[in-house]
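For reference, the structure is listed below as structure tokens.
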Amino acid sequence: MDAVKVHFLGASQTVTGSKYLLETPELNILIDCGMFQGLKELRLLNWEKFPFPPEKIDLILLTHGHLDHTGYLPKLWQQGFTGAIIGSAPTLEIASIILRDSAKIQEEDAARANENGTSIHDPAKPFYTIKDAEATIKLFQQANMETWMVLNSQIKVRFKKNGHILGATFIELKISEKVFLFSGDIGRVKDRLLEAPEKPDWADFLFLESTYGNRLHAEEDVEAKLIQCIKEVLVNKGNLIIPSFAVERLQTLMYILWKLFKQNKIPNIPICIDSPMANKVFSVFEQYTSWHKISLEELEHMKQHFNIITSYKDTWKTVDDTRSKIIIAGSGMISGGRVLTYLKYLISKPETILLLVGYQAEGTRGRTLKEGGKEIKIYGKYYEVNAKIENIESLSAHADQAEILDWVSDIKNIPETTFLIHGERIALDALRLKIKDTLQWKVYIPHLYEVVELSV
């Protein structure tokens, strides 16, 4: 084997749609298979024909279960992919939950568009269906952790824990003795739920995430901020709305709020968890206790403290409930999900506090609100923003610049090339300069759909 062609098919100069195809003479391997989110110009890319024949892809390796790393899988299956999809056991469980939920939303959005006549297509069709998702999930195969898995005589792969979310890994692909290292999303060193990420020791070609490549997470007192917001909504007879990712972030918030109540730092205010997906993810935490730091007993006590909403009927009951309360609902960037129902009725009220607790990508409602937007569009209608917008950045599940540099600090060799991926342009360039100045490594920022040939 002389060369490997790497196709950058997503999360290149943007943070969503992670897809990296390695084309070798013997196997074609896709690392992650995510959906584009955020800006409309990116979302439209999801509908374009896949730029490599899906039937010629032999297998897919997943770093973790998030939608921007797995959400395109059923679409790829639609177009002819039939190979194995390999990831850690929790990753496959979470990906199954996310894909089923995504497909359900796609079907509901298409039905709503047809009912309201708001689509330029007649009829509007879902991006993919629940049937497509189920067919895709049948291709899942569990990876062995920490040990090399032989793919053929020239290629083997190893998965190692990487913090970030339950089941997340980085992937080492050894091709003709050269190590292609895909960081996936790197977690935090001091995470409330997960152990610190393991660190790689070798990389000939490094593919490194750069989400927070231009910043350090603030040293915030998260508990104090939550206490302040809760006190404020109680005094003003308002509601605290926290849009949250259903995987990891929501469980972290539950853990913090439960601890604050146990320590008598907050009153017994109603806390509504409106995310059927998060409820399913909670069961994955119960199933895979070796992947996190919370005991089964603690998980059970936590669960009993919250009002877990599963039906849309109960969503409306919560909207109509006049008591001050905390509402935690998906999605984290307010790009969809049940949080939109609450915002329709509460975003215009000055006694409402909206607390953003994670990365807000370009083109999302979350980014608009974080940057001071005075109105947001929900299901075709505009709503005035009178709510108080607060923000906690330190709850992010992504490593910041210092943690990224620490993560690569045990690499013994100097990589032939470090490719910076999964970041917006400002973050990419800041991390490029930092690595170049501090490590003197060769760094390259690939363009979307660029193909690079690497000698092995």
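The values are calculated or read from the model by the stated rules, or taken from the named source; none is laboratory data. Because the structure is a prediction, the values reported are computed rather than measured. Positions of Cβ are backbone-derived with ideal geometry, glycine not excepted, and every protein chain shown enters the neighbour counts. In case anyone asks, the SASA skips ligands and DNA or RNA and just uses the protein heavy atoms, side chains included. Shrake-Rupley method; radii C 1.70, N 1.55, O 1.52, S 1.80 Å.
A few comments on the model shown:
- To the nearest ten degrees, helix 425-439 and the longest principal axis of the Cα atoms of the chain are 50 degrees apart.
- Label zone at residue 283 (point 7 Å along Cα-to-Cβ), backbone N below 18 Å, the stretch 65-89: 89
- With the helix formula -39500 (n - 2.57) applied to DSSP H stretches of n ≥ 4, the chain reaches a computed 222 nm mean residue ellipticity of -9500 deg cm²/dmol.
- Antiparallel %, DSSP beta bridges [both residues in the chain], to 5: 45
- Protein accessible area in the stretch 346-456, 1.4 Å probe - carbon and sulfur %: 49
- Between helix 276-287 and the chain: long-axis angle, C-alpha atoms, 0 to 90°, nearest 10: 60
- Centroid-to-centroid separation of the stretch 41-70 and the stretch 135-177 [C-alpha atoms, Å]: 17
- Cα pair count fraction exceeding 25 Å, expressed as % - the stretch 65-216: 42
- Relative counts (whole %) of C-alpha pair distances in the stretch 37-130, using bins that are 10 Å wide: 15, 42, 34, 9, 0
- For the residue pairs 125/349; 5/125; 161/280; 75/199, the C-alpha atoms sit more than 28 angstrom apart in 125/349; 5/125; 75/199.
- Per residue accessible area in Å² of the chain, where ligands, DNA and RNA are left out and the probe is 1.4 Å: 42
- Taking 0.36 nm per residue of separation and subtracting the Cα-Cα distance, full extension of the segment from residue 134 to residue 414 would add 96.5 nm.
- Nearest-0.05 FRET efficiency for residue 235 and residue 78, computed from C-beta distance (R0 56 Å): 0.60
- Kirkwood hydrodynamic radius over Cα pairs of the stretch 286-427, then Stokes diffusion coefficient at 37 °C and 0.692 mPa s, in µm²/s: 178
- Taken along its three principal axes, the alpha carbon spread of the stretch 1-160 comes to 55, 30, 26 Å, from the longest extent down to the shortest.
- Loop-located GluC sites (Glu not before Pro) in the stretch 149-208 (DSSP state other than H, G, I, E, B) with a sparse environment of at most 16 neighbouring Cβ atoms within 10 Å: 177, 195, 198.
- Averaging 1/r over each pair of different alpha-carbon atoms in the stretch 214-342 and inverting the result gives 15.4 Å, the Kirkwood hydrodynamic radius.
- Peptides 202-208, 399-405 ordered by average Cβ neighbours within 10 Å, highest first: 202-208, 399-405
- Distance in nm between pseudo-label sites at residue 142 and residue 426 (7 Å out along the Cβ direction from Cα): 4.4
- In this entry, the stretch 175-235 is assigned a mean projected area of 6.3 nm², taken as a quarter of its C-alpha convex hull surface.
- Inter-part distance, the stretch 231-303 to the stretch 399-456, computed on C-alpha centroids, equals 35 Å.
- Fully extending the segment from residue 111 to residue 351, taken as 0.36 nm per residue of separation minus the present Cα-Cα distance, adds 83.0 nm.
- Efficiency of FRET between residue 298 and residue 154 - r from beta-carbon atoms, R0 45 angstrom, step 0.05: 0.45
- Charging the Cβ of each Asp and Glu at -1 and of each Lys and Arg at +1, and nothing else, the dipole of the chain about its Cα centre rounds to 1080 debye.
- Taken over the C-alpha atoms, the stretch 324-386 has Rg and Dmax values of 10.7, 32 angstrom.
- Helix 249-262 and the longest principal axis of the Cα set of the chain meet at an angle near 40°.
- Across the stretch 147-279 the C-alpha pair distances fall into 5 Å bins from zero in the proportions 2, 8, 14, 16, 15, 12, 10, 8, 6, 4, 3, 2, 1, 0 percent.
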